[in-house]
Amino acid sequence: MSQPTHLPSFWSRLSLAFGAFFKTLGDAEFAARVRDDQVGPIAAPAPAPAPKPAPEPKPAPAPAPLRIATPDAALQLLGLLQREARLIDFANENITVYADADIGAAARLVHEGCARVLREHFSIEPVRGELEGTRITLPEGFDAASVRLTGNVVGKAPFTGTLSHRGWRARDVRLPQLADKHDASIIAPAEVEL
């Protein structure tokens, strides 16, 4: 389309507007040409789509709820270890004044009593089935609660290392039931010989 050499006057434009108006109303093809060729007034540009809002940052995961540990079971276990192995007496004794042979004899009694309590009240098994000293690979997503990494821990799983301890897991606990009024804080009652 050629550029006009002079601009039409107001009355000429008014005449053109009426003509274009009625021609657009009566002729669909003309209206389509006006629309598609953008002949006539320039329509306001379509509004630009609103920018997508920035993704909201994910809130930090809520900390895992902590269970309240009641001291009764721990005190009960401590009482069993005192009764069967005299563990508290042994731990509170000043052993520097005794000969190694005497300490060894006392440790044997404590060891036997502790082992008896563990056998009687717990089913304990290794966390890992491999022998200590075995090279193992921990895949991505391994249970970090059951395996602790030590040494030079760098990067992310999979990790390959040497099993230095198989770990222990309690499969079953069989502590005796406590009477309703039992004071678990009394680990071992005082003894009075008559």
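The values are calculated or read from the model by the stated rules, or taken from the named source; none is laboratory data. These figures come from a predicted structure and were not determined experimentally. To get the accessible areas, we keep the full protein, side chains included, count just its heavy atoms, and leave off ligands, DNA and RNA. Shrake-Rupley method; radii C 1.70, N 1.55, O 1.52, S 1.80 Å.
Counting only heavy atoms of protein chains, what accessible area per residue, in Å², does segment 63-134 have with a probe of 1.4 Å? Each step should come with its number before you reach the end.
Details: 5260 Å² over 72 residues.
Per-residue accessible area for segment 63-134 comes out at 73 Å².
Under 5 Å between amide hydrogens, which residues at least 5 positions from Phe122 or on another chain qualify, with H placed 1.01 Å from N in the peptide plane?
Excluding prolines and chain starts, which carry no amide H, the hits are Arg174.
Amide H neighbours of Phe159 under 5 Å, counting only residues 5+ apart in sequence or on other chains, H built in-plane at 1.01 Å?
Distant-sequence amide H within range of Phe159: Leu138.
Considering only protein heavy atoms and a 1.4 Å probe, what is the carbon-and-sulfur percentage of the accessible area of segment 147-194? Let's see the in-between values first.
Values: 2310 of 4440 Å².
Here it works out to 52 percent.
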